[in-house]
1. One residue is enough: does segment 157-166 have a residue meeting the conditions part of a helix (DSSP H, G or I), within 54 Å of the chain's Cα centre (by Cα), among the polar types (S, T, N, Q) and closer than 18 Å to residue 202 by Cβ?
2. Read through the list (1) modelled with pLDDT of 90 or more; (2) among the charged types (D, E, K, R); (3) assigned to a loop (DSSP other than H, G, I, E, B), then give the number of the only condition that residue 187 fails.
3. Please find, among 176, 122, 108, the residue that is under 35 Å from the mean Cα position of the chain (by Cα) and modelled with pLDDT of 90 or more.
4. Looking only at segment 208-232, which residues are modelled with pLDDT under 90 and either out of contact with any strand residue (DSSP E or B) (no Cβ under 9 Å at 6 or more places or on another chain) or aliphatic (A, V, I, L, M) (or both)?
5. Regarding residue 175, is this residue polar (S, T, N, Q) and exposed (fewer than 10 other Cβ atoms within 10 Å of the Cβ)?
6. Do any residues in segment 191-206 that are assigned by TED's automatic domain parsing to the domain that holds residue 155 and over 21 Å from residue 217 (Cα atoms) have Cβ atoms under 7 Å from those of residues that are among the hydroxyl-bearing types (Ser, Thr, Tyr) and part of a loop (DSSP other than H, G, I, E, B), where the two are at least six apart or on different chains, and which pairs are they?
7. For segment 190-218, which positions are in a strand (DSSP E or B) and under 23 Å from residue 109 (Cα atoms)?
Amino acid sequence: MNKADTHKDFEPENKLIEEGPLAPPELAAGAALGMSAGPKNPETPSVISAKPVKEDLEGTDFKKASSAPEQLAQLKVELDKYKDIALRAVADLDNYRKRMAREKDDAIRYANANFLERLIPILDNFELGLQAAKAGGGQSAILDGMTMVFKQLQDFLASCGVETIEATGEHFDPNIHEAIAQEENAEVEEGVVIRQLRKGYRLKDRLIRPANVVVSKGVAVGEDSAKAGAST
């Protein structure tokens, strides 16, 4: 046997050595299907899901689309709710600003109210002393000086916005008058102030002190009937 024949006889064996051992038929079939010949991974699903696409389309997307009008209505309700809250907050803020501005204006306008309330009784006593000095008779430099000081005090109060309440001859007003007593008086109508015992004062439109007054009760019933009988 020559060398050429010997080479032909061993050609199949050499081919097997070069290509390696053949795989079993099952593994070969698995390789043809694109599957690994190694051990299976327990976390990897062995079966590919064949769930149709139509089944996915029939899921949540179509349910959401069917509830869109309800969601829109709910959003409108929430929008109206928060809009109302915002409007109320704006209104409250505006009212707060107005109230603070009013309180600031009142604080500036009536800043001297407490001081004037304490000064007025002193002015009353000064006026009583001046009246007693005038009643004593005679004219002196001291009396003239007291009169000038009293006039300056009155001018000072007027410059601060203080007004004197004159009640004599006026109809009784409980807002600015304080009735000390009532007297029968045939000459003064009922409900009219006969005389003023103490002056009243107000600062601009705020009452500092009411005037103490005596109010007429009018004519007594017996006197009225007697006058009516005499006239007949």
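1. Going through segment 157-166, the residues part of a helix (DSSP H, G or I) turn out to be 157-159.
Applying the additional criterion that residues be within 54 Å of the chain's Cα centre (by Cα) yields 157-159.
Narrowing further to those that are among the polar types (S, T, N, Q): 159.
Those left that are additionally closer than 18 Å to residue 202 by Cβ: 159.
Yes - at least one qualifying residue is present in segment 157-166.
2. Here residue 187 meets the rest and fails (1).
3. Details: 122 fails: under 35 Å from the mean Cα position of the chain (by Cα); 108 fails: modelled with pLDDT of 90 or more.
Exactly one of 176, 122, 108 is under 35 Å from the mean Cα position of the chain (by Cα) and modelled with pLDDT of 90 or more, namely 176.
4. First, pick out the residues of segment 208-232 that are modelled with pLDDT under 90: 217-232.
Answer for segment 208-232, where residues must be modelled with pLDDT under 90 and either out of contact with any strand residue (DSSP E or B) (no Cβ under 9 Å at 6 or more places or on another chain) or aliphatic (A, V, I, L, M) (or both): 219, 220, 221, 222, 225, 226, 227, 228, 229, 230, 231, 232.
5. Here the answer is yes, as residue 175 does meet what is asked.
6. Correct list of pairs: 203/110; 206/110.
7. 200, 201, 202, 203, 206, 207, 208, 209, 211
The values are calculated or read from the model by the stated rules, or taken from the named source; none is laboratory data. Note that this is a predicted model, so its numbers are computed, not measured. No Cβ is skipped: glycine too gets one built from the backbone with ideal geometry, and neighbour counts run over all protein chains shown.
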